[in-house]
1. Which of the following residues is in contact (Cβ under 8 Å) with a residue 40 or more places away in the chain, in contact with a helix residue (DSSP H, G or I) (Cβ under 6 Å, 6 or more places away or on another chain) and open to solvent by 10 Å² or more (accessible area, probe 1.4 Å): K31, K3?
2. Quick check on G109: is it closer than 30 Å to I236 by Cα and in a helix (DSSP H, G or I)?
3. Name the single residue, out of those in region 204-236 being open to solvent by less than 40 Å² (accessible area, probe 1.4 Å) and in contact (Cβ under 8 Å) with a residue 40 or more places away in the chain, that is farthest from T12 (Cα to Cα).
4. V128 passes all but one of (1) outside any helix (DSSP H, G or I); (2) modelled with pLDDT under 95; (3) β-branched (V, I, T); which number fails?
5. Which number in (1) under 22 Å from K3 (Cα atoms); (2) not in a helix (DSSP H, G or I) marks the one condition that L161 misses?
6. Go through (1) in a helix (DSSP H, G or I); (2) surrounded by fewer than 22 Cβ atoms within 10 Å (Cβ to Cβ); (3) of a type in the set (D, E) for E140 and report which single condition fails.
Amino acid sequence: MIKGFLFDVYGTVCDWHAPMAEAIESYAVSKGIAVDAPEFARQWRSAYAAETSRRASSREPFLPLQVLTYDALKTLATARFSTELSDVEAESLNGVWRRLRPWPDTSAGLLALRSIAPCATCSNGSSVDMAPLAEALDIEWDAVLGSEASGFYKPHPQTYLRSVEALKIKPSECVMVAAHQKDLVHAQSHGLLTAFIKRPDEFGGRGMGEELEPTGDWDFVVSSFVELAELVRASI
């Protein structure tokens, strides 16, 4: 019996690339700076993701993701713009993480899944960003879990296990939903069920390294949350 769903957010629930690229492009145009905004967005994501992975296996004090994305942005901007962003400019651009866009199936699919079992985040994202982001995405969570709730970044085991524990269920009763299969590998290793959702446009267009086909033995492989809800209902 499935009693809960945990979701990766950035890339799985929403499109991060297009809004980030647009924000960077708008800033660059206002300053008369030439920049490859889509590539800047990908490098920004890569930089903060590398830092969360490093911190997941370190003993350093936990820092919210909004701090890591802010620092990564300022470092990258210095290299790409040949000038430093002011604190106000960096705060404004970093706020794009609260204004991302839903995938076409997100709102209806989450609603359908919440009618089956509670749905919660299992994201590295900052808790202060999740409420305004949910409003922008036109969705509602039953709980905001993941890195800040556990005190660890994915893929640390406690990120998954404490999130499951917060739902008051067993790992075997919980489905981890993600577009990133490394996320699913770790969730599966800790006893969670897994759902791989294909997001072929996550990095700004097909053919740019997105995960298009399953590379593991996942419990569900789907192209939308609506399809996932249908398959889960059929399995009950």
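1. Being in contact (Cβ under 8 Å) with a residue 40 or more places away in the chain, in contact with a helix residue (DSSP H, G or I) (Cβ under 6 Å, 6 or more places away or on another chain) and open to solvent by 10 Å² or more (accessible area, probe 1.4 Å) holds for just one of K31, K3, which is K3.
2. Numbers: closer than 30 Å to I236 by Cα: yes; in a helix (DSSP H, G or I): yes.
Taking the combined requirement at face value, the residue satisfies it.
3. Filtering region 204-236 for residues open to solvent by less than 40 Å² (accessible area, probe 1.4 Å) gives 205, 210, 216, 218, 220, 222, 224-225, 228-229, 232.
When the remaining residues are screened for being in contact (Cβ under 8 Å) with a residue 40 or more places away in the chain, the result is 220, 224-225, 228-229, 232.
Working: F220: 14, S224: 10, F225: 10, L228: 13, A229: 15, V232: 18 Å.
Ranking the candidates gives V232 first.
4. Condition not satisfied by V128: (1).
5. Of everything listed in (1) under 22 Å from K3 (Cα atoms); (2) not in a helix (DSSP H, G or I), L161 misses just condition (2).
6. (1)
The values are calculated or read from the model by the stated rules, or taken from the named source; none is laboratory data. Predicted model only: the values in this text are computed from it and were never measured. As a convention, Cβ positions derive from the backbone with ideal geometry for all residues, glycine included, and neighbour counts pool all protein chains shown. Ligands, DNA and RNA are stripped out before the accessible areas are found, and what is left, the full protein with its side chains, is counted by its heavy atoms. Shrake-Rupley method; radii C 1.70, N 1.55, O 1.52, S 1.80 Å.
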